[in-house]
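The numbers here are math on the coordinates, done by the rules we state, and not lab data. Treat the numbers as computed from the prediction; the structure is a model and nothing was measured. Glycine also receives a Cβ, built like all others from the backbone with ideal geometry; neighbour counts cover every protein chain displayed.
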Number of protein chains: 4
Amino acid sequence: MGKGRLEAFSDGVIAIIITIMVLELKVPHGEDPAVLQPLLPVLLSYILSFVYVGIYWNNHHHMLHTVQQVKGSVLWANLHLLFWLSLFPVTTGWMGENDFAPAPTALYGAVLLMAAIAYYILQRVVIASQGEHSLLAKAVGRDLKGKVSPLLYAAAIPLAFWNPWLSNGLYIAVALIWLIPDRRIERVLGR
Amino acid sequence: MGKGRLEAFSDGVIAIIITIMVLELKVPHGEDPAVLQPLLPVLLSYILSFVYVGIYWNNHHHMLHTVQQVKGSVLWANLHLLFWLSLFPVTTGWMGENDFAPAPTALYGAVLLMAAIAYYILQRVVIASQGEHSLLAKAVGRDLKGKVSPLLYAAAIPLAFWNPWLSNGLYIAVALIWLIPDRRIERVLGR
Amino acid sequence: MGKGRLEAFSDGVIAIIITIMVLELKVPHGEDPAVLQPLLPVLLSYILSFVYVGIYWNNHHHMLHTVQQVKGSVLWANLHLLFWLSLFPVTTGWMGENDFAPAPTALYGAVLLMAAIAYYILQRVVIASQGEHSLLAKAVGRDLKGKVSPLLYAAAIPLAFWNPWLSNGLYIAVALIWLIPDRRIERVLGR
Amino acid sequence: MGKGRLEAFSDGVIAIIITIMVLELKVPHGEDPAVLQPLLPVLLSYILSFVYVGIYWNNHHHMLHTVQQVKGSVLWANLHLLFWLSLFPVTTGWMGENDFAPAPTALYGAVLLMAAIAYYILQRVVIASQGEHSLLAKAVGRDLKGKVSPLLYAAAIPLAFWNPWLSNGLYIAVALIWLIPDRRIERVLGR
């Protein structure tokens, strides 16, 4: 079973998620530039989520690059990841429209955490399907980034009720950690 | 006529359906966590439909794997299936927003039933187009799952007016039956 | 310049158009089955447009099958067709929500007419790009269907102000004429 | 790392952007043709943006045609371009709903400007990744169009507060300049 359709379907869903998020940037009423002001936090939360979805897409791209064959378990682990990514628009919108208030910031982190766990599961399932000479296992190595990120999200969730800006700082920090695409995979593949 | 575009178009439509359903999870007003509570049944109905659409996508993926050439009849049987799948967002939203009330639960089942029938028709059309040595016919065999599911949906529809939770239990049960991807096809293809 | 991306982009836009139309089927308020009644004309207009978009997708599929190379003129003629198709959701919604009233029915026909003209232009541009031994020209032949359809749409537009059901009857009639996929192309290609 | 998924993902996002813009053409209430009148500026702004997105898609198509391998930097420069394109629907809607008023017209130009800069950056990143014998560098040459367009947008932004029709005239003029697809690339590739 080739990986072509898995890639195409994932690309489709991720492309739609990234675009649907922009629908929360509702067209303001009135032609006065002042009507743009309440859109600012919505725009900021959109940028953060756009970067996160971009990171997931890039790393997903790299991960599937190491895959030859796709088993049923990979299809479902992939759908599980897409499920959590599909909740980004609503949590992004809730956080942006409430100006990064505590509860929306915590929920945003919870969905980030679940997506990170789903990505980790997908990675394990792919490695298991590749057997002991797994290219992906070699590429991922100790997977420091993959292990630290969920810890930071988990810390950010309760922090949000104390100071949501700290939590958002953590979300930005994790995004920056990942913005460098997974060079480990490029290295192992020798490209 | 190759099957590439048929797959790509179906992937596109299914990817959009799965993502449009999430639009029913409307961004709540207010930053109080309590505003999330009315979203819970909407989230549950979204999860059920996400799993169903995932099942259709996976099995569609497996089914087309056995196809070499696509005739006009297959294109139209496929569009017919996509039509019924395209009604999932509205019936999912209606059921979720009304807390799994009888009529919305029955309508949800009716659309599930029509999609199951459309899938069955597509399967027959593909088998007919493959002729007597049809790979798909061999893979599907007696097609127990394909025959039992519509019966269970048909039973769930009137049941909804008596006890909608029974109907929803049946929808979950059928989903669980199908969650195992169609190993029969993998077996026949010897992979 | 290969045709792969042209097909992929067109598939994407058409898949989104066909799915966005379903957003007009708004989730009704209340759990009473009676709330579904105002959705009926919206559903009927959705079915009509779904079939029309399906016809365009199928015939587009067949047309591009005869193409090897894509020139800039084909890209733009294709975007022109996609533009008119992109207006289907709004005209479908207007007609459905107003129960097939005269003006919405006429506008629906006007967009059908423009899409038919755009399809005809695309066909001419493809034929011109293929030169005198054009496969598509051979396949299309006298193109009776392509010439009669715009005439019927043009007749249906003024008729809508007299009796919109006659116009809708014509729209259905044209759809039925086209429902048979373009066997001419299959014939010429010898498949 | 092949360019296939980059193209597919970009096509998906651009296809969704072009289609989401049409959602601003809200289905009017009432069956009287007069209700269409307020839609006219929305339609005009939609046409302008449709042409712009079409131009970006066509030129993106041509640009990637010269690419063999995709590095991480190209992926991110591409996402940066898609980010600015994703803001087209909201600025188009704001301009259309306010009848081409000064502030919305200026913001529309600002997003056009940012998209042009993002396209220029992507072009530089691709050229840098191709090394000194870059096909794209040869094709682009002095890149007069790419350098003049941002200047015209930058001029149009302040002009909008004096006379928004002048700004819109400039936007149309730039679109016309680009409507001719990048024949330079076709020339260099010898097709």
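For chain A, calculate the relative contact order in percent as a whole number, restricting contacts to Cα pairs under 8 Å that are 6 or more residues apart.
With pairs under 8 Å counted, the relative contact order is 26 percent.
What gaps in nm, shortest first, separate B:Ser134 from its twins in the other copies when you place the label 7 Å past Cα toward the beta carbon?
3.9, 3.9, 5.5
Please compute the net charge surrounding B:Leu39, taking Lys and Arg as +1 and Asp and Glu as -1 over other residues with Cβ under 13 Å from its Cβ.
Net charge around B:Leu39: -3.
How large, in Å, is the protein assembly as shown by the Kirkwood hydrodynamic radius built from its alpha-carbon pairs?
The answer is 27.3 Å.
In nm, what does the list of distances from D:Ala155 to its counterparts in the other copies look like, shortest first, when each label sits 7 Å along Cα to Cβ?
Shortest to longest, the spacings are 5.3, 5.3, 7.6 nm.
Using helices alone, what [θ] at 222 nm do you get for chain C, with -39,500 (n - 2.57) per DSSP H run of 4 or more residues, divided over all residues and rounded to the nearest 500?
So the calculated ellipticity at 222 nm is -24500 deg cm²/dmol.
What ranking do B:Asp99, C:Asp32 get, fewest neighbouring Cβ atoms within 10 angstrom at the top?
The order, fewest Cβ neighbours first, is C:Asp32, B:Asp99.
Angle check, please: helix D:72-86 long axis (alpha carbons) against the longest principal axis of chain D (alpha carbons), in degrees 0 to 90, nearest 10.
With rounding to tens, the tilt is 10 degrees.
Looking only at D:Ala110, D:Ala101, D:Ala34, which one moves most when chain D is put into a Gaussian network model with springs between Cα atoms under 10 Å?
D:Ala34
Relative to the compact globular guide of 2.2 N^0.38 Å, what is the alpha carbon radius of gyration of the stretch D:24-126, as a ratio?
Dividing the Cα Rg of the stretch D:24-126 by 2.2 N^0.38 Å gives 1.31.
For all pairs of alpha-carbon atoms in the stretch B:43-191, what percent lies in each bin of width 10 Å, listed from the first bin to the last filled one?
For the stretch B:43-191, the binned pair fractions read 12, 41, 31, 14, 3 percent.
Quick one: net charge around A:Phe161, please, counting Lys, Arg +1 and Asp, Glu -1 for every other residue with C-beta under 13 Å from its C-beta.
-2
How much net charge surrounds D:Thr19 when only other residues with a Cβ under 13 Å from its Cβ are counted (Lys, Arg +1; Asp, Glu -1)?
Result for the neighbourhood of D:Thr19: -3.
Name the shape class, rounded, prolate or oblate, that the alpha-carbon gyration tensor gives for the stretch B:52-105, where a ≥ b ≥ c are the square roots of its eigenvalues, rounded holds for a/c under 1.5, and otherwise prolate holds if a/b is larger than b/c and oblate otherwise.
prolate
Provide an ascending nm list, one decimal, of label-point separations from B:Leu44 to the equivalent residue in each further copy; define each label point as 7 Å from Cα along Cα→Cβ.
Spacings between copies for this position, smallest first, are 3.7, 3.7, 5.2 nm.
Can you give me the angle between helix D:164-179 and the longest principal axis of chain D, using Cα atoms only, in degrees from 0 to 90, rounded to the nearest 10?
For helix D:164-179, the angle is close to 40 degrees.
Expressed as an acute angle from 0 to 90° and rounded to the nearest 10, what is the orientation of the C-alpha long axis of helix A:144-159 relative to the principal long axis of chain A?
Long axis of A:144-159 versus the principal axis of chain A: about 30 degrees.
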